[in-house]
Amino acid sequence: MTFNPEEFGLKKGYLYEIISTTYSLTEKAISPNASCMGIRMIGENQIQISPFLGTTTYQNLKENSTVAINFIDDVYMYALAALKELNSPIGLNEFPKEYYEFKYIESRAMDVPFIKNSWGILIGDVSQEFQKEKHDDLGEMMVPVFTLNIILAEKFRDSFNVFNRAENLALETIILATKLKAAKGTKDKKSFYVIHEKIIEHMGNIERFGKNKDALKTLKLVSDYISNLMD
């Protein structure tokens, strides 16, 4: 289908949380990678994405220039994508392979990985790269920005799920957990404990809001993840 931002609920200038899938190539296989990412629509057929330097997403975009933007309404998928790491202390070494499918892109003459739980996907090709300054809990840093031209849009089903308060907090907690790890790596104790306090507050509120199964499942994964960072 032709990309129509309204079909995906996108408005120019707004920031949206998605899961990106990129890939690296070996002689024998396509190796997919999923990551939580923010996107911003800047024009009728253009979206910007900002992976951190040195990440697998950044390296894959530099090498292969193609990314799938996955729109997903299951917050647990975001936890799996954000908290995976090599030699994971919680056994989450990679995003589970059973959630990937592949879409053949004629202009690339290859299959591009996406997440089959998505209600819709966009496939983008890098048209420009630059750097900008970013401010967050860890201070100021320069981050790369990739401008993507959308070459394919596909909507698999309508999504009527608007994250409730528990799910929104779960998503915020996932993002904070990744920042907590970054703060530990920089040995910034003040930021580490400020972020940790926010996580604890969010986790308490998620439990208080009730029996949202996806949020509580996400909470368990985040709890296991941050307990290892406290050692």
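Computed from the coordinates by the stated procedures, all read-outs in this text should not be read as laboratory data. Just so it is clear, the model here is predicted, and its values are computed rather than measured. No Cβ is skipped: glycine too gets one built from the backbone with ideal geometry, and neighbour counts run over all protein chains shown.
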For region 59-64, what does the Karplus curve 6.51 cos²θ - 1.76 cosθ + 1.60, with θ = phi - 60°, yield as ³J(HN,Hα) per residue in whole Hz, taken in order and with x for Gly and Pro?
4, 5, 5, 5, 7, 10
Tell me which residues come under 5 Å, amide H to amide H, from Lys103 once H is placed; ignore anything under 5 positions away on its chain.
Val112, Phe114
With an 8 Å Cα cut-off and a minimum separation of 6 or more residues, compute the relative contact order for the chain in percent.
19 percent
Could you state the angle between the C-alpha long axis of helix 213-229 and the longest principal axis of the C-alpha atoms of the chain, as a value from 0 to 90 degrees rounded to the nearest 10?
70 degrees
Counting other beta carbons within 10 Å of each residue's own, what order do Thr26, Thr147 fall into, fewest first?
Thr26, Thr147
Among Val126, Phe156, Asn168, pick out the residue whose Cα is farthest towards the positive end of the charge dipole of region 74-190, where Lys and Arg carry +1 and Asp and Glu carry -1 on C-beta, about the Cα centre.
Asn168
What order, most packed first, do the peptides 50-63, 71-84 have when packing is the mean number of other Cβ atoms within 10 Å of each residue?
71-84, 50-63
Rounded, prolate or oblate: which fits region 117-231, taking a ≥ b ≥ c as square roots of the Cα gyration tensor eigenvalues, rounded meaning a/c under 1.5, else prolate when a/b beats b/c?
oblate
For Met230, Met203, ascending order of other Cβ atoms within 10 Å (fewest first) is Met230, Met203
Please rank Lys179, Lys12, Lys155, fewest neighbouring Cβ atoms within 10 Å first, as an exposure proxy.
Lys12, Lys155, Lys179
Computed from the beta carbon distance with a Förster radius of 30 Å, FRET efficiency for Val126 and Glu172 to the nearest 0.05 stands at 0.55
Helix-derived [θ] at 222 nm for the chain: sum -39500 (n - 2.57) over DSSP H runs of at least 4, divide by residue count, nearest 500?
-11000 deg cm²/dmol
Could you run the Karplus curve 6.51 cos²θ - 1.76 cosθ + 1.60 with θ = phi - 60° over region 198-208 and give me ³J(HN,Hα) per residue in whole Hz, x for Gly and Pro?
5, 4, 4, 5, 4, 4, x, 5, 4, 5, 5
Placed amide H near Phe156: partners under 5 Å, 5+ positions off or other chain
Gly120, Ile121
Based on the alpha-carbon gyration tensor of region 5-155 and its eigenvalue square roots a ≥ b ≥ c, which shape applies: rounded if a/c is under 1.5, prolate if not and a/b is larger than b/c, or oblate?
rounded
Could you give each residue of region 120-132 its phi-based ³J(HN,Hα) in whole Hz, using Karplus coefficients 6.51, -1.76, 1.60 with θ = phi - 60°, and x for Gly or Pro?
x, 9, 10, 10, x, 10, 5, 10, 7, 9, 8, 10, 9
